[in-house]
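Just below is one structure, and these are the notes that go with it.
The values are calculated or read from the model by the stated rules, or taken from the named source; none is laboratory data. Bear in mind the structure is a predicted one, so any value in this text is a computation, not a measurement. FYI the Cβ positions are ideal-geometry reconstructions off the backbone, even for glycines, and counts take in every protein chain you see. To get the accessible areas, we keep the full protein, side chains included, count just its heavy atoms, and leave off ligands, DNA and RNA. Shrake-Rupley method; radii C 1.70, N 1.55, O 1.52, S 1.80 Å.
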Amino acid sequence: MNGELKGIIIAFAPFLGFLVNAILLLIETRKSISSKEHTHAKGHHGAGHSEGEFGITKKISAFVSPLAPFASFVATLLILPEKSQINIFNWIPLENVNVSFSVLIDELSKTALLYVTGVSTLIHIYSIGYMKHDEGFVRYFMFLNLFVFFMIQIVVADNLVQLFLGWEGVGLCSYFLIGFWYSGYENARAGFKAFITNRIGDFGFIVGIVLFLVYTGGVDYNKVSLLRPEQFFAVAFFLFMGAAGKSAQGPLWLWLPDAMRGPTPVSALIHAATMVTAGVYMVVRLEDLFFRAKELVFYTGIITAILMGIFGLFERDIKRILAFSTLSQLGLMFAGAATEKTYTGMFHVFEHSFFKAALFLISGILMHEFDNETDIYKLKERKPAERGMILSAGGFLICTLAMSGVFPLSGFWSKEAIISAVAETFGNTGTYLMLIASFITPVYMFRAFFVTFGGQRWKFSLSPSHDGGSLMFFPVLILVILSVIGGIFNVGAWLGEKYGYSEQIHHAVSPVLVHIIVFAGVAISYLVWGRGKEISERAKILWNRFYLNEAEEGIFIVSGRFLKYVSFNIFEKVVIEGFYSVVSFLTRVGGVLVSALHGGTPARVALMLILGLLIALLII
Amino acid sequence: METSVVYEKISFADILSVWGSFLVSLFISIIGFLISKIKKNINISWISALVSALVILVFSVVGRVYEDPFQAVFFDKIFFVSIFLISVFSILSVFISLSELDYKDSLSSEFFFFLIISAFGAILMTSSQDFLTLFLSKELMSFPIYAMVYAFRDKIGVESALKYFVAGAIFSLIYLVGFSFFLMSEEVIRVAEPKGILGVFGIYLIIFSLLFKGGTAPFHFWVPDVYQGAPASVVSFAGSVVKFSSFVAALRVIDITKIEFFVPLEALAIISIVVGVLGALVQKEIKRLVAYSSISHSGFIIFFLFSSGNADVKNYLLFYLATYGIATAGIFGLISLFKKNLVYLEDFVGLSRKHRYISLLIGIFILSFAGIPMTAGFFAKYMSFLSAFYTERILAVVFGAIGSIASLYFYFQPMSRSFMESVENTSSQVTASQEGEDKVYISPFVLFLISVLALILIVLGFIPGLFFRLIGGIPLSF
């Protein structure tokens, strides 16, 4: 099998899956219309039952859909030793600007392809179990496959236009999947919010592409070198706006927590492991460009990382906590990507995808078992650990430790690399900010862990029957194992070699110090939330008397809520909604005025035409 | 004009193939028309119109580029592409009209005859070598349409036809004034580079009157009323063919005369975009909405005229007009299927429940209008921005970008309504829809044709190069 064929398989296998699912959906709709008419004629009122069945279309879809990303995954594994740039076809053949549709295979895209296709294969399998009883099963997989297709386009693009195709495509699939259960008003609203916020980012992205085109006369990545020094910042700024929109950084973070209304595997795949990392990928890919704006990228990232960690402390919804942790980790990735060793950001993306996907999938198992309950305090009452959901409980613990960066779990290696790189590039300020961020992560993550699984007698029995059935059990198990052993792939060193950093990572900050800080965070979390039932009666009285229950909800409640309130209200209500309402009012007034000029008798039309002609003659 | 084009040696067969095919085609449609007029109970004029359109379609495929011995028409690549597209649009319009008009009625027999005559005018208009041929072909195209607008013989139709006629007459006058200025100054009727200032002014007036036909603001006041009052099939013809020929003719005139026309063109483009977008925002009828959107599209098409000398840009213009014409023909074809049951935007509510497939097709055409990626409209808009960039008309690009973002609002109006279920008064809705369904007969053949159009838009949305390969422009390499 030659490289070209592998490239085509990587790029188009998920699209094939999408087409198969689209055909299945057409068949299914036709069938369901006829069956509905049938049941109506009979006068049955239980029409909803037939849709829950696992019919033939669903079976085919369940078989084909995971196969599509898996084919890409296998092709990626086969192409690993190679390095090539495959031009599939000339997409927009113009004389001056030639945009090709191509598959670019280098270390960076290979790393990204591995986790995109690998994690999405696992999540496809998990989804079969999760969505089994949903009537929109085929529609769901259709969008999921399409999403993987567009995500791969982002990764393998060798020019900004193909990147933009993938960029818009993943966004589109994301809105559809957030509003998947579109009957709910809130769900539709969340999808809409994501859409609006992303528009702001995309606006910047388009301006960035156009500037790039105007300055360099092309859209290929390798044209970066043609930019003049004074042009760098403008292009980088606008492109970074796009990256911040997709990766929910800075003021554009608003949409991501609300995006959690979609099905949980979607949150795991799109809003945690792959799509939201597209911004980081772009920054790393265009490192020569973004290096000129490294302060912008770094401070946006690190401030988001710290702020979102604080916001995560005030959430009771497990998926929203995970969303805030994603935001926070994305901030760290941007911080890494802003350093001289850009690959550290990508390294963290790679490792992060395992434990974050696992965490989300575990929350999915919990929701699946406990009637879509997401409140951590209510989940605690269901006592998941005592029911033998040991994979959920243990996996959550392991992934939380991995995210905190504890040796020797996967997160340790990448976080260590980022801290050292930041210390080298940004000096003491950067290092302190990084340490604050590493302190906050264990506090809010262990809060979620202690509240949900703490104070229970764990029943150790590792069996799929307790953890949502084997279709959901094994993907999570694999992801948890990967989160443990993620370090052995040594992706960091591999990526580093590409950039000529073959020497061992220089530990600017002692790993021991980082571990002390992390465990201090764990300890605080344990002291506040960890003891659960073990609090003695007297302490409990004290606890209640001093309203420490309320304190539990927020020692920082005033400051934290205030910050959130300000950024939410000022930014969303005033800036976004205000802007839109003013614009829509003005355009409506303009529209009424314009349309008032039209119509009327033929004589009036003639008069207006002559006036129009006079205007045109005046312009000459 | 195109000195680089090497004309092949002219043979008798070539002359015969051009004028012969035109005459045969004309003869067929006249015969069909006459038979339908004399024999009151049969109407074969639509069949003869189809056959005559097919004859010139075949000619456009087999014909060769050569120099016209009469110096009246350019037989170049644009000419053949125009014949091809215009005859395809005419064939579509014939089929669309069949579902809307009562074709057994002998009164509608002249409709199809007019359609073919108008198409002839449009073809000649795209490739005239002198201003006299241009004027005559322009009028040949226009007059049948005035009558076609009145095909339903209702009150609103006669008002629209009158408005269109009056407006057309004013701008024919403007054309003649411009032509006489040109003639005074240059003393030739050929389209040529003017030497005196009076000639330049004359050409300005001529271009204004061509842009008027294309529906450009501020010469657009007839557009909403005519679109509203005319039958959907006529609007589909006018929107695709008239716009096509007017802008191609304007491109040729600007290209040959080489006049510096940037500032007024940029102003017209911006006015068109602003007026079109603002006007469309408050419309409640689908035809008026598409009319305003067509005004804003005229603004985008003017972007191509900025750099008319560029060979690439000519191809881009053809691409834009072809895809725009396809989308217009498609959407009015679908509207015509519903006769008068799909007039207001509110009529779209719940459409996807009753006619799932049709609402999907409407969605594709509207997305193409809006220039959403994965439809041909995206590349069309992209090319128009690119053309504006070539000459660095940045202000036009800025207005174009704002306009295309704002236009999303009204483009999504019919779509969001068609996927919306009306919660209130479902009972009255149901009875209304049942009555409506009795009236609506969806011709499967027309639906098939329109599906092919939608498919073309999607395919071109992924591989726009296919079009250029078809018309022999920039080669596409796989």
**Report entry** Alpha-carbon Debye profile of the protein assembly as shown, log10 I(q)/I(0) at 0.10 Å⁻¹
**Finding:** -1.24
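How big is the charge dipole of chain B about its Cα centre, in debye rounded to the nearest 20, if each Lys and Arg gets +1 on its Cβ and each Asp and Glu gets -1 on its Cβ?
Values: 31 positive and 31 negative charges, 122 e Å.
I would put it at about 580 debye.
Which order do A:130, A:115, B:344 take when ranked by solvent-accessible area (1.4 Å probe, heavy atoms of all protein chains), largest first? Intermediate results must be reported in sequence, preceding the final value.
Numbers: A:130 25, A:115 5, B:344 115 Å².
Largest to smallest exposure gives the sequence B:344, A:130, A:115.
Please give the FRET efficiency for residue A:581 paired with residue A:26, using the beta carbon to beta carbon distance and R0 = 45 Å, rounded to the nearest 0.05. Display every interim value, and only then the final one.
Working: r = 40 Å, r/R0 = 0.89.
About 0.65, to the nearest 0.05.
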**Report entry** Unsatisfied cross-links (Cα-Cα over 32 Å) in the set A:31/A:378; A:59/A:380; B:40/B:213; A:31/B:284; B:77/B:339; B:284/B:381
**Finding:** A:31/A:378; A:59/A:380; B:40/B:213; A:31/B:284; B:77/B:339
Requested in this report: Specify, per residue and in Å³, the volume enclosed by the convex hull of the alpha carbon atoms belonging to region B:21-472.
Outcome: 131
**Report entry** Calculated FRET value between residue B:340 and residue A:223, using beta carbons and R₀ = 45 Å, to 0.05
**Finding:** 0.25
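Counting heavy atoms of the protein chains only and a 1.4 Å probe, report the per residue accessible area for chain B as a whole number of Å². Don't jump to the answer; show the numbers that get you there.
Values: 17470 Å² over 478 residues.
Accessible area per residue: 37 Å².
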Requested in this report: Between residue A:83 and residue A:515, with labels modelled 7 Å along Cα→Cβ, what's the label distance in nm to one decimal, could you check?
Outcome: 3.6
**Report entry** Karplus (6.51, -1.76, 1.60) ³J(HN,Hα), θ = phi - 60°, over region A:224-240, in Hz, Gly and Pro reported as x
**Finding:** 3, 5, 7, 5, 8, x, 6, 8, 4, 5, 4, 4, 4, 4, 5, 5, 5
Query - Alpha-carbon centroids, region B:195-261 and region B:110-160: separation in whole Å - result: 14
Requested in this report: Give the percent of DSSP beta bridges with both residues in the protein assembly as shown that are antiparallel, rounded to the nearest 5.
Outcome: 100
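For each pair in A:6/A:319; A:246/A:356; A:356/A:383, compute the distance between the two Cα atoms and list the pairs where it is over 26 Å.
On the way: A:6/A:319 37 Å; A:246/A:356 17 Å; A:356/A:383 23 Å.
From A:6/A:319; A:246/A:356; A:356/A:383, over 26 Å: A:6/A:319.
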Query raised in the report: Under 5 Å between amide H atoms, partner at least 5 residues away or on a different chain: which partners does residue B:66 have, H built in plane at 1.01 Å?
Result: B:75
**Report entry** Percent carbon-and-sulfur accessible area, the protein assembly as shown, ignoring ligands, DNA and RNA, probe 1.4 Å
**Finding:** 68
Requested in this report: Report, in deg cm²/dmol and to the nearest 500, the calculated mean residue ellipticity at 222 nm for chain B, where each DSSP H run with n ≥ 4 adds -39500 (n - 2.57) and the sum is divided by the residue count.
Outcome: -24000 deg cm²/dmol
Query raised in the report: To the nearest 20 debye, what is the magnitude of the charge dipole of the protein assembly as shown about its Cα centre, counting +1 on the Cβ of each Lys and Arg and -1 on the Cβ of each Asp and Glu?
Result: 1760
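Normalised by the number of residues in region B:21-472, what is the relative contact order in percent for Cα pairs under 8 Å and 6+ residues apart? Intermediate values should be presented prior to the final figure.
Working: 723 pairs, mean separation 61.2, N = 452.
With pairs under 8 Å counted, the relative contact order is 14 percent.
Around residue B:246, what is the net charge, scoring Lys/Arg as +1 and Asp/Glu as -1 over all other residues with Cβ under 14 Å from its Cβ? If you can, show how the numbers build up before the last one.
Working: positive: B:138, B:213, B:243, B:252; negative: B:139.
Residues close to residue B:246 contribute a combined charge of +3.
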Report summary line: In nm, the gap between the two label points placed 7 Å beyond Cα toward Cβ at residue B:260 and residue A:54 is 7.5
Query raised in the report: Any idea how far the Cα center of region A:217-267 sits from the one of region B:82-96, in Å?
Result: 45
Query - On Cα atoms only, tilt of B:356-370 relative to the major axis of chain B in degrees - result: 40
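How much net charge surrounds residue B:171 when only other residues with a Cβ under 13 Å from its Cβ are counted (Lys, Arg +1; Asp, Glu -1)? List each step's numbers first, then the result.
On the way: positive: B:138, B:163, B:213; negative: B:139.
Charge balance near residue B:171 sits at +2.
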**Report entry** Amide H contacts of residue B:150 (H built 1.01 Å from N, under 5 Å, at least 5 apart or other chain)
**Finding:** none
Requested in this report: Any chance you could give the angle, 0 to 90 degrees and rounded to 10, that helix B:131-149 forms with the longest Cα principal axis of chain B?
Outcome: 10
Report task. Using a Förster distance of 45 angstrom, determine the FRET efficiency expected from the C-beta separation of residue B:62 and residue B:360, and round it to 0.05. Result -> 0.80
Requested in this report: Determine the equivalent ellipsoid of region A:581-620 by diagonalising the alpha-carbon gyration tensor, then write out the semi-axes as square roots of 5 times the eigenvalues, largest first, rounded to whole Å.
Outcome: 25, 16, 4
Query raised in the report: With axes computed from alpha carbons, what is the tilt in degrees of helix B:21-38 against the longest principal axis of chain B, rounded to the nearest 10 within 0 to 90?
Result: 40
**Report entry** Other-chain or far-sequence residues with amide H under 5 Å of residue A:88's (modelled H)
**Finding:** A:101, A:102, A:103
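Just to be sure I understand: if you take the accessible area of chain B alone plus chain A alone and subtract the pair, with a 1.4 Å probe, what total do you get in Å², rounded to 100? Don't jump to the answer; show the numbers that get you there.
Working: alone 19360 and 26580 Å², together 42030 Å².
Buried: approximately 3900 Å² between A and B.
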